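What follows is a single structure, written as structure tokens, with notes after it.
The values are calculated or read from the model by the stated rules, or taken from the named source; none is laboratory data. None of the values given here were measured: they were computed from a predicted structure. Here the Cβ positions follow ideal geometry from the backbone for every residue, glycine too, while neighbour counts run over all protein chains shown.
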Amino acid sequence: MSQTTVAARGPSLSAARRTRELSEAADGRVVDVLVVGLGATGAGAALDAAARGLDVVAVDAHDLAFGTSRWSSKLIHGGLRYLASAQFDVAHESAVERGVLMERTAPHLVRAQPFVLPLTGLVSRGQAALAWAGFQAGDVLRLSARTARATLPAPRRLSPVETRHLAPALRSGGLRGGLLSWDGRLADDARLVAALARTAAAQGARVLTRVRALELTASGARIRDELTGEEGEIRARAVINAAGVWAGDLVDGIRIRPSRGTHIVLSSEHIGPLPAGLHIPIPGETNRFVLVLPQDDGRIYVGLTDEPLDGPIPDVPEVPETDIGFLLDVLGSVLDVPVRRSDVVGAFAGLRPLLDTTPTSHAGTAPRTADISRRHAVLISADGVISIVGGKLTTYRRMAEDAVNAAVDARGLAAGSSPTARLPLVGAAPPRTLATLRAPRRLVQRYGTEAPAVHALAVQEPRLGEPVVPGHPITGAELLWALRHEGALDEADLLDRRTRIGLIPAERAEALETVRRLVSEALGTGH
């Protein structure tokens with residue numbers, strides 16, 4: 001379909017727009033591309049296809065970023081860990097995509113994050129030398145990806161005094177110093193998905209949450225509106241299955257081996273200020289670390305595990321006590337302040353959608369999920385459904401591009417090459433522009449150029465400027481913005497995805513009544 005035949009729409013997603021566009025999508029027309037799944041890869045595929053001028057519908061049974069894309073470490077990795085396993089192509093691809101996000105498409109959402117690897121008695125001099133060589137290799141990756149030094153500073157060695165300055169919570173006894181490195185860090189992974197979905201909508205895509213694909217074929221899907229229970233059909237020339245860890249439920253023959261990655265949530269008041277994150281080596285492992293990730297909302301994430309998940313795949317994975325205990329043990333190996341189970345105020349787990357292509361060993365056991373490649377793959381089923389599986393958050397854009405390329409080639413769609421490596425997401429602007437915006441810095445880091453508009457809601461109605469939970473920075477203005485422009489439909493969308501209030505159960509419960517009242521006022525739902 002030519003670019004001029006798809007009407008451009010604004011970047012706002014709302015309940016009214018969803019109702020209208022679902023009716024359009026299921027009215028018997030044939031669209032060019034149907035995307036199933038609205039995590040980072042699915043939303044990225046919708047954007048990629050729409051930006052090429054194709055007529056696109058994208059659906060998800062739940063909400064934007066409902067699955068794996070909201071449970072990450074919030075890091076945009078440069079591919080360092082893949083060098084250690086000789087996955088040079090994956091490492092380079094990660095470094096390139098990190099640079100795209102940080103310098104072109106989402107500089108408002110992704111910024112440089114410093115990390116300290118403390119050289120304690122548990123890290124031998126040989127291990128320290130190997131880690132330092134790895135950080136230098138990571139800097140070569142940055143250079144090969146043409147990411148500016150101003151974007152990601154160089155790694156360097158730290159004295160014990162410098163190490164304690166960047167990470168005061170470290171135990172000083174036996175500390176020989178540290179290694180400082182840098183990587184990309186998202187303000188919020190779910191906000192990246194919301195920006196992708198809204199940018200896709202601005203390019204003409206119909207983005208529909210709470211629409212479940214009951215059955216996929218190469219020519220469309222039988223669907224159900226999860227809000228009304230009504231069933232219908234969306235017809236399409238090409239169908240892309242981007243359901244992540246659930247991809248095998250929609251298309252036969254896809255072998256996904258889910259890996260559970262758990263994080264615990266701590267209050268920064270307990271550990272104290274952390275100007276930098278931490279890389280803590282896992283005892284007995286040569287290339288695995290536990291990450292300590294300070295957040296802007298007074299929380300600290302510590303993660304993550306890499307454990308296989310057997311059995312049915314849940315909508316929301318549970319966090320086992322064994323994962324929490326493991327993370328606390330590693331954390332306790334370097335901190336001066338003891339962190340106990342009672343100090344854990346929340347926990348979350350995501351499932352990596354690893355493509356299982358590795359044969360079992362001679363002993364009949366499958367390899368560890370930590371050893372399975374993070375490469376992605378485009379698979380085309382016998383009846384022509386295109387599935388994109390594997391991969392990771394950092395490379396969502398490349399995964400989406402590859403999936404749309406496959407759809408264009410397989411179905412002979414009239415579309416050019418992908419423009420998404422140069423297409424800024426909603427709110428994006430160069431750092432110098434963002435610095436001039438008249439809005440709180442925290443809002444700029446979450447909304448970019450839209451921050452003044454979000455801030456204006458609080459100015460116009462002061463009660464919206466109040467925190468939803470005392471001590472937490474999220475305000476009513478941000479929730480109202482999410483309802484009006486970011487496709488939020490209920491309290492869970494607001495508490496668990498547009499914001500991260502819900503990560504701490506006690507704060508979620510405290511906020512729930514206020515949020516219900518706001519949803520009722522904004523959407524007239526009668527809660």
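Side notes on the structure shown:
- One residue alone among 46, 40 is touching a strand residue (DSSP E or B) at 6+ places or on another chain (Cβ under 9 Å) and buried (at least 24 other Cβ atoms within 10 Å of the Cβ), and that residue is 46.
- The conditions of being in contact (Cβ under 8 Å) with a residue 24 or more places away in the chain and either surrounded by 22 or more Cβ atoms within 10 Å (Cβ to Cβ) or in contact with a His (Cβ under 6 Å, 6 or more places away or on another chain) (or both) are met by residue 190.
- So residue 437, is it in the same structural domain as residue 201 (by TED's automatic domain parsing), part of a loop (DSSP other than H, G, I, E, B) and not β-branched (Val, Ile, Thr): no
- Tally, over segment 52-71, of residues that are small (Gly, Ala, Ser) and crowded, with 24+ Cβ neighbours inside 10 Å: 4
- Test: residue in segment 244-253 that is closer than 28 Å to residue 343 by Cα, modelled with pLDDT of 90 or more and buried (at least 22 other Cβ atoms within 10 Å of the Cβ): no
- Tally of residues being closer than 26 Å to residue 486 by Cβ, in contact with a strand residue (DSSP E or B) (Cβ under 8 Å, 6 or more places away or on another chain) and of a type outside the set (A, V, I, L, M) across segment 210-239: 7
- Any helices (runs of 4 or more DSSP H) falling wholly within segment 58-148 and containing at least 3 residues that are free of Cβ contacts under 8 Å to residues at least 12 places away in the same chain: 125-144
- Members of segment 403-452 found to be surrounded by 21 or more Cβ atoms within 10 Å (Cβ to Cβ) and acidic (Asp, Glu), listed by number: 450
- Only one of 502, 471, 448 that is touching a residue at least 24 places away in the same chain (Cβ under 8 Å) and either part of a loop (DSSP other than H, G, I, E, B) or farther than 18 Å from residue 12 by Cβ (or both): 471
- Scanning segment 285-304 for residues that are part of a loop (DSSP other than H, G, I, E, B) and more than 17 Å from residue 323 (Cα to Cα) yields 286, 287, 295, 296, 297, 298.
- Complete set of residues in segment 149-187 that are touching a residue at least 60 places away in the same chain (Cβ under 8 Å) and within 30 Å of residue 104 (Cβ to Cβ): 152, 166, 179, 180, 181, 182, 183, 184, 185, 186, 187
- Residue in segment 25-34 that is without any contact (Cβ under 8 Å) to a residue 40 or more places away in the chain and either part of a helix (DSSP H, G or I) or assigned by TED's automatic domain parsing to the domain that holds residue 378 (or both) present: yes
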